[in-house]
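Worksheet for the structure shown next.
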Amino acid sequence: MADKTSWSKAAPARKAEGTVMSIGPIIPKLGPDRADEGLRIAYHPLDFGDYKLELQLTGDGLERAMKANSDFEVPTEPIILARYKKSTRTLTTYPVGTTFGAYFLEPKYLHLKTLILEGVVSPMVAMEDGDYLYYEELPNGIIREPLAGFGLAFDMRFIVESAERQSGVTTLRFSEDKGVSRKGDTLSMSYSLFKRLRRDINRTHRRSLDLANKAKREYLDATLNLMLDPEFELPIGDGTAKPVADILAETLIGRSRSAEAEAKAAARTVKKSVKTLAEKEPAELLDLRREIELVSLEELIELFEKKLGQAGLQERHWQEFFNGNAFVLQLAFNLPALAFGDQVAVGGTKFDGSGGKLADYAIKLGLFGNLALIEIKTPKTTLLERKTYRGGVHAPSQELVGAVTQILDQRHQLQNEINSKKVASKAYDVFTYAVPCIVIAGCEPATDDEKKSFELYRNNLRDVIVITFHELLAKLKALHAFLSKPPSTVAPATDTLTR
């Protein structure tokens, strides 16, 4: 900053240290209705070249203040506007309102009380006509005139508001230090950063005005055209138009919203338009739904495959996975299925009661409310004994036999107590006419002998279906392949998903 070592010729000669020297009355040549008419600056020189500035009311100023606000109270303490410390070249200001009205002489900001400006070399200088004092070297965007109460220019109020949203900040400090930092109640910002923010804010403001004016013109043109011609079709653009928020974000911070934000915005737009699409473009809506289902199915398949590759997942983890993706369980049946609950009590007094035996999962099968039970193991569950029994035949493993016996016992308990449970739980639309049982366990057997043995065993179970995790995954992939075919090439429905 330039070194200005003396007052302008309009300033009175400096008096001895400790005396008061009034500079004014200060009435700039901006017309007789200037709001700060009736104010003056008192200069208080201190030791070592330091000084402080006091805002004073003249008789005319006091009259104007009382006229503008009948509740105005005359200050009983000096109104210190600023203090200057020569050794550190620091100007500490206390921004106040100097416009006559309800907030006259009140702090300008809600929480911010102090504005510190470092590197200020010179004292005030006067305007060319010698009657309006200001700090010539302060950056644009920072109020230079003591009579204006210091602080930031009105357009820069957003910086103050942002600083005040930092809890506990009461001081804003500008210096040549880099970037922005905080220490206690003081938020520090470099002059260069302030300059950049000021330019960005101004550029964004101009751009937003241009966008607003364009929107107004388009609205008026469309309104008049519709009024003159009811058949007029509104232009829908070329697909490159961006929301105002995105344009302003790009202007201000150099980048648009994230891909996730874009996706959420698109989803909200589609959600709002579903009813209109169903009425006017049902085919488009069906295609959109089909695409969404395909993407969701692809993600589910990818997640399923990833989990199959994780060796340490316990039974409860798989129960939670199927609970969150109940659609997968429905593929195990060849009838419509509706989730009834996980960890359902088949003993005790209520379906969700403690005590008794718990089924991993229960669903309402078909259209008649008949319950079905599912027992979920893990992909690592052993299905067959390693050693052959005789002639290449493998016996079912103890784990598999135990799971089958367990779910049959759960069915027995449920059928015996269904009536009392329905009354206690007030669930009268469920029945146990014939309760199908499914055990989900293990993976595809490795050898032909093992596959034969497994098929012989499970297909001769009368009331229990045993299905592997790999088979469930295959059902998902088959469904995806079926839905991926263009509608015109889809063959008549077949029992693709049956085991």
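What follows draws every value from the coordinates through simple rules; no lab data is involved. These numbers were taken from a predicted model, which means no experiment stands behind them. All Cβ positions, glycine included, derive from the backbone under ideal geometry; neighbour counts span all protein chains shown.
Scan segment 219-229 and give yes if some residue there is within 31 Å of the chain's Cα centre (by Cα), at negative phi and outside any helix (DSSP H, G or I), otherwise no.
Checked segment 219-229: no residue is within 31 Å of the chain's Cα centre (by Cα), at negative phi and outside any helix (DSSP H, G or I).
Search segment 59-87 for residues that are part of a helix (DSSP H, G or I) and pair each with any residue that is acidic (Asp, Glu) when their beta-carbon atoms are under 8 Å apart and the residues are at least 6 apart or on different chains.
ASP60/GLU37; GLY61/GLU37; ARG64/GLU37
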